[in-house]
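Visitor: Dropping the structure in here first, questions after.
The values are calculated or read from the model by the stated rules, or taken from the named source; none is laboratory data. Since the structure is predicted, the reported quantities are computational estimates derived from the model, not experimental observations. Please note: Cβ atoms are built from the backbone with ideal geometry, for glycine as well, and neighbour counts cover all protein chains shown.
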């Protein structure tokens, strides 16, 4: 017998019992933040292929985070900087 309840009582990931709409809004905001940052950096650097890939592929921010920190090697403090 498992401890997960997938019934109609509002089961949420990570042990929360909140409104499913709240969870979806948080996921959307998380995704939009990372997508926006990665598209902004790719556009400023003229990286057309990365821009196109990041625009089309939706990965809840994972591909965008890999691009920003793995490919560009940015530090967190550089994410919102206008310096190139």
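Visitor: Which of the residues belonging to segment 68-77 are surrounded by 13 or more Cβ atoms within 10 Å (Cβ to Cβ) and more than 19 Å from residue 27 (Cβ to Cβ)? Break it down stepwise before answering.
Guide: Let us first name the residues in segment 68-77 that are surrounded by 13 or more Cβ atoms within 10 Å (Cβ to Cβ), namely 68-69, 71-72, 74.
Answer for segment 68-77, where residues must be surrounded by 13 or more Cβ atoms within 10 Å (Cβ to Cβ) and more than 19 Å from residue 27 (Cβ to Cβ): 69, 71, 72, 74.
Visitor: When both residues are 6+ apart or on different chains and their Cβ atoms are under 8 Å apart, which pairs have a first residue that lies in segment 21-32 and is more than 15 Å from residue 59 (Cβ to Cβ), and a second that is surrounded by fewer than 12 Cβ atoms within 10 Å (Cβ to Cβ)?
Guide: As it stands, the answer is 23/13, since those pairs meet every condition given.
Visitor: Name the residue that is nearest to residue 80 (Cα to Cα), counting only residues in segment 1-59 that are exposed (fewer than 11 other Cβ atoms within 10 Å of the Cβ) and at pLDDT 95 or above.
Guide: Once the filter is applied, the top-ranked residue is 46.
Visitor: Now for a different question. Consider segment 33-84. How many of its residues are more than 26 Å from residue 23 (Cα to Cα) and touching a helix residue (DSSP H, G or I) at 6+ places or on another chain (Cβ under 7 Å)?
Guide: 8
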